[in-house]
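J.: Here's a structure for you.
The values are calculated or read from the model by the stated rules, or taken from the named source; none is laboratory data. Small disclaimer: the values here were computed from a predicted structure and weren't measured. Ideal geometry is used to build each Cβ from the backbone, glycine not excepted, and the neighbour counts take in all protein chains shown. Quick note on the areas: whole protein, heavy atoms, side chains included, nothing else; ligands and nucleic acids left out. Shrake-Rupley method; radii C 1.70, N 1.55, O 1.52, S 1.80 Å.
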Amino acid sequence: MTKKLYYDPEMKTCSAAVLDVRESKGGYEILLDQTVIYPEGGGQLSDTGMIGSAKVSHAREEDDRIWHLADKPLAVGETAEVSFDPLPRLDHTQQHTGEHILSGLAKTLFDAVNVGFHMAEDYATIDIDKPLDDAQLAHLEAEANRAVQANVPTVTRIVNDKELDSIEIRKRAKGLAGDNIRIVWCGGVDSCTCCGTHCVMSGEVGYIKITAHMNYKGGTRLWFACGMRAVKHAQETAALADKLARRFSTKQENVLEAVLKQGDDLAAAKKELRVRTDMLLSYRAADLLANADAVGGTKLVVSLEDGFAMQELKLLAEKVCTAEKAVAVLLSKAGESVYYQLWRSQGVALSMRDVSSALNAILGGKGGGRDDAAQGSAKAQEGLSETLAQFEAYMKQRMKG
Ligand SMILES: [Zn+2]
């Protein structure tokens with residue numbers, strides 16, 4: 001058994017005896033007779049720290065024994081100085097205590113139950129079994145910060161399982177037995193059985209910020225940050241609002257309105273662009289037809305359009321073949337690729353799928369389609385105009401035949 005000294009906030013270091021050492025994935029696991037290094041558990045992340053000159057990256061508890069993952073082995077029987085890294089410990093303790101305060105208040109204010117908690121080095125979440133709206137979450141956050149500012153001491157009691165039954169608390173872990181059960185009361189607003197580390201006074205949490213929320217399994221998942229994490233979030237959010245305000249040449253409080261207006265303006269402009277593009281393509285189709293040769297009563301339109309998107313090319317081909325009895329062989333060079341659309345009017349006896357195979361062969365391209373329309377692409381290449389002139393001659397022969 002390892003004596004757990006990390007519950008005493010005054011214990012920053014201790015001297016411990018090495019009871020066992022195992023080679024492990026990622027280093028050596030060291031078992032100590034006592035430790036100030038908190039092992040991962042109860043939703044709280046592991047401390048990091050030192051045992052003598054060995055660096056500890058993680059600790060875990062197994063049957064009341066605490067194994068420390070270290071970068072080098074120590075001799076069994078050796079005595080070493082043990083310490084934890086204070087900043088990560090403070091950060092984990094702040095998030096953990098903040099979680100108590102939020103969960104206790106969610107229950108009191110909205111009868112909403114914490115059904116899941118996750119803490120990582122860069123975020124923490126709580127899952128609540130009820131949907132909470134923006135106003136409720138703002139109220140929860142405000143009350144949580146009131147509990148922080150009230151600077152209430154955390155109270156811890158060790159009880160046995162019989163005593164536990166008679167104590168009213170928000171949450172008790174399942175399967176607790178024996179006479180070493182820890183109950184904590186945090187911020188004057190929460191009580192539960194818990195094995196984590198807690199701020200001595202609720203004021204040490206500093207600041208609790210709910211940073212995001214989403215509907216989750218019929219309830220709410222909320223992201224929150226405490227202490228310096230909350231300060232960092234506030235700094236980043238303020239910097240973002242400031243950048244947006246400068247970009248839109250407006251005050252921060254008007255940024256949302258400006259962004260929404262820009263979105264509306266963009267949607268209107270896109271709509272207008274579609275109308276005008278359609279009009280331009282109609283003129284272009286008429287122009288192509290006016291300059292095209294007719295082969296046996298069917299116009300043959302072969303053209304290389306510059307920078308057309310595939311959808312625009314398709315629309316142009318459709319317009320050509322709708323306006324007159326025609327075959328359209330339209331290509332567009334855009335960046336590193338060449339796209340093509342092959343269309344025919346109704347009543348033209350020529351398979352565009354076959355034409356596509358012939359075009360693929362000379363362009364080294366890929367594509368295919370139906371008898372009335374086909375499309376494909378190839379890599380951009382030199383001499384495309386000349387290749388296309390040869391293909392136009394080939395098409396005339398095919399249409400004659
Ligand atoms: Zn706790």
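J.: Exactly one condition in (1) open to solvent by 60 Å² or more (accessible area, probe 1.4 Å); (2) assigned to a helix (DSSP H, G or I); (3) more than 20 Å from Cys186 (Cβ to Cβ) is false for His139; which is it?
T.: Against the list (1) open to solvent by 60 Å² or more (accessible area, probe 1.4 Å); (2) assigned to a helix (DSSP H, G or I); (3) more than 20 Å from Cys186 (Cβ to Cβ), His139 comes up short only on (3).
J.: For region 255-265, name all the residues that are open to solvent by less than 100 Å² (accessible area, probe 1.4 Å) and out of contact with any helix residue (DSSP H, G or I) (no Cβ under 9 Å at 6 or more places or on another chain).
T.: Selection gives Gln262, Gly263, Asp265.
J.: Still on this structure, I have one more. Here are some residues: Ala54, Ala144. Which one is among the aliphatic types (A, V, I, L, M) and not assigned by TED's automatic domain parsing to the domain that holds Phe224?
T.: Going through Ala54, Ala144 in turn, just one is among the aliphatic types (A, V, I, L, M) and not assigned by TED's automatic domain parsing to the domain that holds Phe224: Ala54.
J.: Has region 15-35 got at least one residue that is in contact (Cβ under 8 Å) with a residue 24 or more places away in the chain and within 16 Å of the ligand (Cβ to nearest atom)?
T.: Scanning region 15-35, I find no residue that is in contact (Cβ under 8 Å) with a residue 24 or more places away in the chain and within 16 Å of the ligand (Cβ to nearest atom), so the answer is no.
J.: The conditions are (1) touching a residue at least 40 places away in the same chain (Cβ under 8 Å); (2) surrounded by 15 or more Cβ atoms within 10 Å (Cβ to Cβ); (3) under 22 Å from Ala285 (Cα atoms), and Ser356 fails exactly one of them. Which is it?
T.: (1)
J.: Within region 47-62, how many residues turn out to be within 16 Å of the ligand (Cβ to nearest atom) and open to solvent by less than 10 Å² (accessible area, probe 1.4 Å)?
T.: Number satisfying all stated conditions: 1.
J.: Looking only at region 245-257, how many residues end up being free of Cβ contacts under 8 Å to residues at least 12 places away in the same chain and among the aliphatic types (A, V, I, L, M)?
T.: Final tally of qualifying residues: 2.
J.: Same structure again: I want to confirm something. Restricting to region 195-235 and keeping residues that are within 16 Å of the ligand (Cβ to nearest atom) and open to solvent by 40 Å² or more (accessible area, probe 1.4 Å), which single residue is modelled with the lowest pLDDT?
T.: Checked region 195-235; the qualifying residue modelled with the lowest pLDDT is Cys195.
J.: Let me ask you something else. So for region 151-168 (the condition being at pLDDT 95 or above and assigned to a helix (DSSP H, G or I)), does at least one residue qualify?
T.: There is no residue in region 151-168 that is at pLDDT 95 or above and assigned to a helix (DSSP H, G or I).
One line per residue, one yes/no per condition, for (1) surrounded by fewer than 18 Cβ atoms within 10 Å (Cβ to Cβ); (2) outside the structural domain of Ser103 (by TED's automatic domain parsing); (3) within 14 Å of the ligand (Cβ to nearest atom):
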{"site": "Gln149", "(1), (2), (3)": "yes, no, no"}
{"site": "Asp165", "(1), (2), (3)": "yes, no, no"}
{"site": "Arg170", "(1), (2), (3)": "no, no, yes"}
{"site": "Ala173", "(1), (2), (3)": "yes, no, yes"}
{"site": "Gly178", "(1), (2), (3)": "yes, no, no"}
{"site": "Gly188", "(1), (2), (3)": "yes, no, no"}
